[in-house]
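Here's the structure we're looking at; comments come further down.
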């Protein structure tokens, strides 16, 4: 999935407060309400050294209702400049976690990205379309009125009726083409992952036919939505959720299928912490793949720590490795999961969590590559050695 929206975090020197809490409303939760959970976390963060300014900024966000039904969690990252990340996650944590550290706990934000889809929702009828761009910054709405207004057929008979009906159908087609052009403009400007198309059945069909590749390949039709009142919002929301779940599975499987293929070819992929660190440091990574247990609190690398420098591509197994390339200031030792995600964000790589059994990973980590050269680590020796004990 896309994690480029986390990149602005790398321009801040910190320290950062990272909060992951259950944001389920009190009437649906079995324990104290959101304010009570936040007050406990606030005390913890204050004890860790978080400033009142940062804590007040988080409180202003956390105590604002998400208006999301059912159990859910929230990930917030802030520094002295204010809240930098505020994301809702579908699965609430079993207990609140928070940290005040030089580097944000990027793994929790990445988990939020894994559940989200950069989406363009388009509801069409024969007169135009309503757009909703859904992304890290929330929803941005706009409306497009198509240019042709002869969209109604007549109840009259004879030649006149035939001409009017013909003009109406011509207007539908022209309006659909105009809406399709507007969709393609939105896609080019806002770069969503998925276009969800709904509304009047005839208008949906005409609009989709008028789209050109690659936009047409991004479209998923979801029936039941529309621009007018009378839409069954509950049923439509369920269909949208199913479409997004299906897309997330396809998105994950595309990356894992490429990883399996490239590992099998011993080509554009590597696995093991040391090899992934090597290619991250060289800016080669297309997609970072972590074992799913990284996101569920598991210790996929048995407590492995890595060293980082001020630049996101400053990542190494030891401090001396960084010092050898001239990096001597602002060195930090971090848990491997945090350091790996930070480096991936810094080079615009994607991130995918691999379910258990979906692909063989040494140390629970792998990467697909943008390019390969003689300096790229090879997995041949590891695969031939019979050393299976690190395979996750």
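Some notes on this structure:
- Separation in nanometres of the label points that stand 7 Å from Cα toward Cβ, at residue 142 and residue 13: 3.8
- Estimated inter-spin distance, residue 68 and residue 254, nm [label 7 Å along Cα→Cβ]: 2.3
- Equivalent ellipsoid semi-axes, segment 4-115, via Cα gyration tensor eigenvalues times 5, rooted, Å: 22, 16, 11
- Hydrodynamic radius by Kirkwood, which averages 1/r over all alpha carbon pairs of segment 253-384, in angstrom: 14.7
Every read-out reported here was derived from the displayed coordinates using simple, explicitly stated rules and does not represent laboratory data. The model shown is predicted, which means the values in this text are computed figures rather than measured ones. In this analysis, Cβ positions are derived from the backbone assuming ideal geometry, glycine residues included, and neighbour counts consider all displayed protein chains.
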